[in-house]
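These notes concern the structure reproduced below.
The values are calculated or read from the model by the stated rules, or taken from the named source; none is laboratory data. These numbers come from a predicted model, not from an experiment. Cβ: placed from backbone, ideal geometry, glycine included. Neighbour counts: every protein chain shown. Protein only, heavy atoms only, side chains kept; ligands, DNA and RNA dropped before computing areas. Shrake-Rupley method; radii C 1.70, N 1.55, O 1.52, S 1.80 Å.
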Amino acid sequence: MTILSPKPYRLTVDLGERSYPIIIGSELLAQGEALRTAIAGRQVLVVTNTTVAPLYLHRLLQQLQGYTVATVTLADGEQYKEWQSLNTIFDALLEHHFNRDCTLIALGGGVVGDMTGFAAASYQRGVPFIQIPTTLLAQVDSSVGGKTGINHPLGKNMIGAFHQPRLVVADTATLNTLDDRQLAAGLAEVVKYGLINDPDFFLWLEQNIEPLLSRSPDHLAYAIERSCRDKAAIVAADEREGGQRALLNLGHTFGHAIETGMGYGSWLHGEAVATGMVLAGRYSHHLGKMAHSDLQRLEALTARAGLPLEPPATLSAERFMALMAVDKKVEQGRIRLVLLRGIGDAYIDGAVDEGALAAWLQETLPSPA
Ligand code: NAD
Ligand code: GLY
């Protein structure tokens, strides 16, 4: 499979008049043309955080000369994905008298992207925004598709809105400063696309996980492009998650229970999703849907990517079930799970037998410490 691409990859999320480009390549922060084309008016608010600002903010600001630019630098961490941070963004917009023609730019990982998108969705009932994702997870998932929001102490991402960006720019060079744990967390969402409906990509990942972990720029750019292409196709078919977009939640019902149960920021989102996908695979196998050989492939790739297979020993089956019942994938009072018939063949089970699931969790989870 050829993966070298000297030029940036360009693809489109096809959503009619709300369609937008995703541009993927190295050193794109030094090229502002696409950015300037996507900025609607003259006022720009850049939202970033205390980790990303010293690394990349100046490069972005160089591309924004001639605009009225304000910046908000938020505290770093999943635990800050909440009302107070959101209000800090609104404070800046109002203090600078930004009007409905302003554009917000999210410079950072998924936390900054989700919050900036939600601020853009709600400021003056909706203003444009641009995603400049700087983590692998944000480049392959959170920056694409228009899900925005914040956490609530009782549930992950429970407050939010659909609001599509005008442009996504994924500069792969920014991944060089990401730590190994964060890189692996991003790979969890990459593996997810192979598992959902792209078995050839899963195979490619099995063959190329080492170059990805050692940050080969060509391998990373290819994996990001393929992930975004897979996600864009699903989002274009079902923007508001009326049906197949729910497949993108593979591993998330278990994963969100881990994230919320352990306290935001303790497990990384991608780590929780990785373990969640393994649990979804194990439960699918338990139900007789997925072959043991496919489960073994899933577990082996997860382990090779440096991701956790086992859920935390401190979460009991009862707590897991209670947390999963709050998750927004619950429909009409029933837990909805994304399960697997095999690698590249995910399906939505909207009629989960909760008694059977609880009994299986009881059997399979490590005993609470
Ligand atoms: P994150 O935003 O917390 O970023 C991870 C860490 O990396 C942070 O400490 C951040 O400051 C740092 N960082 C960011 N870019 C860096 C860089 N280039 N170099 C060094 N450090 C850098 O976490 P994340 O994994 O990017 O995103 C997770 C969030 O995304 C969760 O809140 C999750 O719910 C959300 N999410 C949203 C969607 C969606 O569709 N909207 C999809 C998946 C995940
Ligand atoms: N990350 C799930 C979605 O975008 O739908």
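Restricting to the stretch 255-274, give me the number of residues that are under 18 Å from ALA184 (Cβ atoms) and touching a Gly at 6+ places or on another chain (Cβ under 9 Å).
Going through the stretch 255-274 one residue at a time, the tally reaches 11.
Please enumerate the residues belonging to the stretch 33-58 that are assigned to a loop (DSSP other than H, G, I, E, B), surrounded by 18 or more Cβ atoms within 10 Å (Cβ to Cβ) and more than 20 Å from the chain's Cα centre (by Cα).
The one that is assigned to a loop (DSSP other than H, G, I, E, B), surrounded by 18 or more Cβ atoms within 10 Å (Cβ to Cβ) and more than 20 Å from the chain's Cα centre (by Cα): ILE39.
So which residues in the stretch 152-175 are more than 15 Å from ligand 2 (Cβ to nearest atom), in contact with a helix residue (DSSP H, G or I) (Cβ under 7 Å, 6 or more places away or on another chain) and of a type outside the set (A, V, I, L, M, F, W, C), if there are any at all?
GLY155, ARG166, ASP171, THR172, THR174
For the stretch 260-369, which fully contained helices (runs of 4 or more DSSP H) count at least 3 residues that are at pLDDT 95 or above and farther than 29 Å from GLN182 by Cβ?
Once the helices (runs of 4 or more DSSP H) in the stretch 260-369 are filtered for at least 3 residues that are at pLDDT 95 or above and farther than 29 Å from GLN182 by Cβ, what remains is 354-364.
Give the residue, chosen from ALA70, ALA121, ALA106, that is more than 16 Å from ligand 2 (Cβ to nearest atom) and more than 12 Å from the chain's Cα centre (by Cα).
That would be ALA70, the only listed residue that is more than 16 Å from ligand 2 (Cβ to nearest atom) and more than 12 Å from the chain's Cα centre (by Cα).
Those residues that are basic (Lys, Arg), within 14 Å of ligand 1 (Cβ to nearest atom) and surrounded by 18 or more Cβ atoms within 10 Å (Cβ to Cβ), I need them from the stretch 224-244; list them, please.
Within the stretch 224-244, LYS231 is the sole residue that qualifies.
Listed here are the residues, each with its yes/no results for (1) closer than 25 Å to SER26 by Cβ; (2) of a type in the set (Lys, Arg); (3) not in a helix (DSSP H, G or I).
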residue	(1), (2), (3)
LYS192	yes, yes, no
TRP204	yes, no, no
PRO211	yes, no, no
HIS219	yes, no, no
LEU248	no, no, no
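Checking the conditions here, which among LEU183, LEU250, LEU203 is away from ligand 2 (no atom under 16 Å from the Cβ), out of contact with any Gly (no Cβ under 6 Å at 6 or more places or on another chain), among the hydrophobic types (A, V, I, L, M, F, W, C) and open to solvent by less than 30 Å² (accessible area, probe 1.4 Å)?
Only one candidate qualifies: LEU183.
With respect to LYS147, determine if the residue is basic (Lys, Arg), within 16 Å of ligand 1 (Cβ to nearest atom) and open to solvent by 60 Å² or more (accessible area, probe 1.4 Å).
yes
Quick check: anything in the stretch 129-140 within 11 Å of ligand 2 (Cβ to nearest atom) and open to solvent by 20 Å² or more (accessible area, probe 1.4 Å)?
There is at least one residue in the stretch 129-140 that is within 11 Å of ligand 2 (Cβ to nearest atom) and open to solvent by 20 Å² or more (accessible area, probe 1.4 Å).
Which one of these does LEU178 not meet: (1) more than 16 Å from ligand 2 (Cβ to nearest atom); (2) over 22 Å from LEU154 (Cα atoms); (3) in contact (Cβ under 8 Å) with a residue 60 or more places away in the chain; (4) of a type outside the set (D, E, K, R)?
The number of the failed condition is (3).
Within the stretch 59-84, how many residues turn out to be closer than 19 Å to SER142 by Cβ, of a type outside the set (S, T, N, Q) and surrounded by 14 or more Cβ atoms within 10 Å (Cβ to Cβ)?
Selection size over the stretch 59-84: 9.
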